[in-house]
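These notes concern the structure reproduced below.
The values are calculated or read from the model by the stated rules, or taken from the named source; none is laboratory data. Please read all numbers here as calculations on a predicted model, not as lab measurements. When we count neighbours, we look across all protein chains shown, and the Cβ atoms used for this are built from the backbone with ideal geometry, even at glycine. Surface areas here come from the heavy atoms of the whole protein model, side chains and all, with no ligands, DNA or RNA. Shrake-Rupley method; radii C 1.70, N 1.55, O 1.52, S 1.80 Å.
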Amino acid sequence: MMRSRFLGLLLGTLLLGGGIASAGGAGAPATLPGTQPLSMEGDIASHLVDGVDRFLLRELDRSAERRERLWKPNGSSVDAYVRSLGMERRRLAFMLGVRDKRVTFEEPELVATPRRPAVVYHGSGYEALAVRWPVFAEVYGEGLLLQPVGKKPVADVVAIPDADITPEQLAGLVPGVAPESQYARRLAESGCRVLVPTLIDRKVEPRNGRARLTSREFLYRPAFELGRHLIGYEVQKVLSGVDWFAREAGEGADPRIGVIGWGEGGMLSLYAAALDTRIDVACVSGYFDDRRSLWQQPIDRNVFGLLERFGDAELAALVAPRSLVIEAARGPELTLAGQGGAPARLISPALEAVKKEFARAKRLVPPIEAKLPFTLVESGAGQGPYGSMTALHALLQGLLPGAELAPDGGLPTGVGPVVDPGVRQTRQIQEIDRYNQALLEESPRVRQSFMSRLDTSSPANFARTGDQYRNMFYGEVIGKFEEPVLPAKPRTRKSYDTPKWTGYEVVLDVFPDVIAYGVLLLPKDIKPGEKRPVVVCQHGLEGRPSDVITGDKPAYHDFAAKLAERGFITFAPQNLYLFGDRFRTLQRKANPLKKTLFSIITPQHQQIVDWLKAQPFVDPQRIAFYGLSYGGKTAMRVPALVKDYCLSICSADFNEWVWKNASTRSPYSYVWTGEYEIFEFDLGSTFNYAEMAALIAPRPFMVERGHLDGVAPDEKVAHEFAKVRNFYSVRLKMPDRCEIEWFNGPHTINGKGTFDFLHRHLNWP
């Protein structure tokens, strides 16, 4: 027994020593011990991105089935059904950024001047007025009010045009919409009071002289970062009109309120009716569809987490048991080239897709009434004019059974000059922009309140409450796939052999079709049985592992190789952020699933760390992270979630991150650049870089900052770092674990103070 145990220990020692010697020494094998040969050919980084793409497309395909499993309303009665979906409405409102309290107003204001009266034209039995109405703060809805002359309205309707159609076009006052699709005018002729809001348009132009963005994307970007949404703002304008209609009817009355829209207007009609049970009937034209292709549509339609809970069928089920008219008609069609903004295209919903989603909606609603009040209108097999007589008749019947669509009264007669739509559009854009910037200014106080439950009174309390915030960061901000990580199945091959170290390419499985890939550098002087610290060295945007190893690239200066020459084991992972739109559209595919690029990058790093910890030459307690630029972004997010990283160094990225993403006043802002994937929903209310650093704490944390780095000005970096320094020094009483190095240089690895930091905290000579 003793002899066999001795032989086993001896054999293990020989294998262990031989493995290390051959892996790092002059006779290093072609494959690391304990791994399979890596036979993957071609560009492995390209294979990695393609695999993630397949994985996300498959997740999108599975989203409808998952939503249906979550959909469990109470079908015992109409009232029970409506009450049981209250939480779903609150979830939807949060996703859309519908969270600001609307102001109360007596009635809309007239928009007029001495030379331009508010009454802009007369139609058949109605008049049209230029109006605006307050929504919140200094944000107004603005457009037309069509009201009957000499009689009480039969119903109130918000008629919403597409983004590139003006209220005047929808009402027939100026050219642009075919007479058969002027549904605002036709409803006014039929006795309805009709409010027609202006939407933000899709005009593409250079913003701040830089990226060419649509007006919608320009407002979407900062709003998204601040937990709001252009969709939410425009839904609020619609619901503010509904508020007025309801107040006008008086307490105890039962006003008949409807919404109708085409294209973007159809989208807003569906969202508004799903959120507000005061809306009796909604007509959605040229929009209703299967949302799996949401990632291809204009980015201002991107709603974080939408497809986790809501496709169009689920939104329709939120409207039930109220009336919903779906008009399968041609929709707006356009292509955006993405000259700094997000590339996109809009095509008309295919009739079969509309019918399939409509059938799914009917399945989601339990039999709470004798007849489900959903109507599908096929206008020209889904390609005909929108706002058809059939659709409008169905809308009127839902509002007031027996009501009829009046005969076409012809185009209205103008009274005076109309509001300049360009001036009005500029006014609408500026109002929302100012509101976004006011939210940005308030956001530090919002985050301070949000983080107030982080308890640093004792190590145990800090660990407990820190984990609660960490789980929130992962689940609600980064997005976490619940799918179990696959066995790593490591594959390796020798790719570098220098006098001081040997390099191995490493591929690990993570999820189906998703791999982790990187290069491991092993110093050749590792002794048998010795366990050394590891530094994971992360490249930046469009980078590769080789960039941090060879070629003395200006940003990297071979820092992974230089650390290996100092005796550290280093690992250079390939992250997702390369190949331009190929990786940026991964973010587009992930966002509707309540996921981000870091939902993939984080488990990739966890798999890498788990594999490194299992290697006989690695000290599992001394694995550090050091990343530059986009790798610095990774340094803020991944170590906050992968607790096996014992420290983190953020180089050439740390700054006031929410300001960097949301400011339309600063030339440093991402609002002006082509990184349309960079925006993360609701960071403004939750986790800026100081808050992310608090999730890394109490592990050591360092910032490397060049005075000439164009990421941000020094004062913004210092401002945010001061919060981190205060947290470590005052609250944790660990000032020695938090540092910043300022150096006279650009966006680059300096490799002086950070190298000292690694030696000290990794306990390496």
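Some points to look at:
- Test: G551 is in a loop (DSSP other than H, G, I, E, B) and touching a Pro at 6+ places or on another chain (Cβ under 9 Å): no
- Test result for K716, surrounded by fewer than 22 Cβ atoms within 10 Å (Cβ to Cβ), of a type in the set (D, E, K, R) and at positive phi: no
- Of all the listed residues (A406, A342), the sole one being within 30 Å of Y670 (Cα to Cα), assigned to a loop (DSSP other than H, G, I, E, B), open to solvent by less than 60 Å² (accessible area, probe 1.4 Å) and in contact (Cβ under 8 Å) with a residue 12 or more places away in the chain is A342.
- Matching option when the condition is without any contact (Cβ under 8 Å) to a residue 24 or more places away in the chain and open to solvent by 10 Å² or more (accessible area, probe 1.4 Å), among R493, R445: R445
- Matching residues, segment 612-627, being part of a loop (DSSP other than H, G, I, E, B) and surrounded by fewer than 18 Cβ atoms within 10 Å (Cβ to Cβ): A614
- Residue among K595, K553 that alone is open to solvent by 10 Å² or more (accessible area, probe 1.4 Å) and more than 27 Å from E483 (Cα to Cα): K553
Residue by residue, here is whether (1) under 23 Å from L230 (Cβ atoms); (2) under 35 Å from the mean Cα position of the chain (by Cα); (3) at pLDDT 95 or above; (4) not hydrophobic (A, V, I, L, M, F, W, C) holds:
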residue: L60; (1), (2), (3), (4): yes, yes, yes, no
residue: S76; (1), (2), (3), (4): no, no, no, yes
residue: M95; (1), (2), (3), (4): yes, yes, yes, no
residue: P108; (1), (2), (3), (4): yes, yes, yes, yes
residue: S124; (1), (2), (3), (4): no, no, no, yes
residue: A137; (1), (2), (3), (4): yes, yes, no, no
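- So E369, is it in contact with a helix residue (DSSP H, G or I) (Cβ under 8 Å, 6 or more places away or on another chain), assigned to a helix (DSSP H, G or I) and either charged (D, E, K, R) or within 30 Å of V78 (Cβ to Cβ) (or both): no
- Taken over segment 581-605, the residue count meeting the criterion of being more than 16 Å from M95 (Cα to Cα), touching a residue at least 40 places away in the same chain (Cβ under 8 Å) and in a helix (DSSP H, G or I) is 15.
- In segment 717-765, the qualifying residues are those that are in a loop (DSSP other than H, G, I, E, B) and of a type in the set (S, T, N, Q), and the one that is farthest from I696 (Cα to Cα) is N744.
- Close pairs from segment 94-112: first open to solvent by 60 Å² or more (accessible area, probe 1.4 Å), partner in a loop (DSSP other than H, G, I, E, B), Cβ under 8 Å, at least 6 apart: R99/G227; R99/R228; L110/A118
- Candidates V196, V242 - the one that is within 30 Å of Y121 (Cβ to Cβ), β-branched (V, I, T) and in contact with an Asp or Glu (Cβ under 8 Å, 6 or more places away or on another chain): V242
- Test result for K356, open to solvent by 20 Å² or more (accessible area, probe 1.4 Å), more than 24 Å from the chain's Cα centre (by Cα) and at pLDDT 95 or above: yes
- Of all residues in segment 728-758, exactly one satisfies the criterion of being over 19 Å from G632 (Cβ atoms) and open to solvent by less than 30 Å² (accessible area, probe 1.4 Å), namely L732.
- Strands (runs of 3 or more DSSP E) contained in segment 480-529 and holding at least 3 residues farther than 16 Å from F617 by Cα and more than 33 Å from the chain's Cα centre (by Cα): 491-497
- Residues of segment 654-696 that are over 13 Å from F473 (Cα atoms), over 15 Å from the mean Cα position of the chain (by Cα) and of a type in the set (F, W, Y): F654, W657, W659, Y668, W672.
- Output for segment 138-171, where each listed residue is part of a loop (DSSP other than H, G, I, E, B) and open to solvent by less than 10 Å² (accessible area, probe 1.4 Å): P161, D162, A163, A171
- All of (1) in a loop (DSSP other than H, G, I, E, B); (2) farther than 30 Å from A128 by Cβ; (3) touching a Gly at 6+ places or on another chain (Cβ under 9 Å) hold for R330 with one exception: (2).
- Of the helices (runs of 4 or more DSSP H) lying entirely inside segment 175-267, those containing at least 1 residues that are over 21 Å from the mean Cα position of the chain (by Cα) and of a type outside the set (V, I, T) span 183-189, 230-249.
- Unmet criterion (only one of (1) closer than 19 Å to S285 by Cβ; (2) of a type in the set (G, A, S); (3) in contact with a His (Cβ under 9 Å, 6 or more places away or on another chain)) for S190: (3)
- Just one of (1) closer than 30 Å to K371 by Cα; (2) crowded, with 16+ Cβ neighbours inside 10 Å fails for L48. It is (1).
- Lone unmet requirement of (1) surrounded by fewer than 18 Cβ atoms within 10 Å (Cβ to Cβ); (2) assigned to a helix (DSSP H, G or I); (3) in contact with a strand residue (DSSP E or B) (Cβ under 6 Å, 6 or more places away or on another chain); (4) of a type outside the set (G, A, S) for T426: (3)
- Residue in segment 68-84 that is buried (at least 16 other Cβ atoms within 10 Å of the Cβ), touching a helix residue (DSSP H, G or I) at 6+ places or on another chain (Cβ under 6 Å) and on the phi < 0 side of the Ramachandran plot present: yes
- Checked against (1) surrounded by 14 or more Cβ atoms within 10 Å (Cβ to Cβ); (2) without any contact (Cβ under 8 Å) to a residue 60 or more places away in the chain; (3) closer than 21 Å to V174 by Cβ, Y121 passes all but a single condition, namely (2).
- Among the residues of segment 268-301, the ones that are part of a helix (DSSP H, G or I), closer than 16 Å to P332 by Cα and of a type in the set (G, A, S) come to 2 in all.
- Contact map, segment 58-86: first residue in a helix (DSSP H, G or I), second residue small (G, A, S) and modelled with pLDDT of 95 or more, Cβ cut-off under 7 Å, separation 6 or more or different chains; pairs are A64/G311; R67/G311.
- P366 being of a type outside the set (D, E, K, R), within 22 Å of A320 (Cα to Cα) and under 36 Å from the mean Cα position of the chain (by Cα): yes
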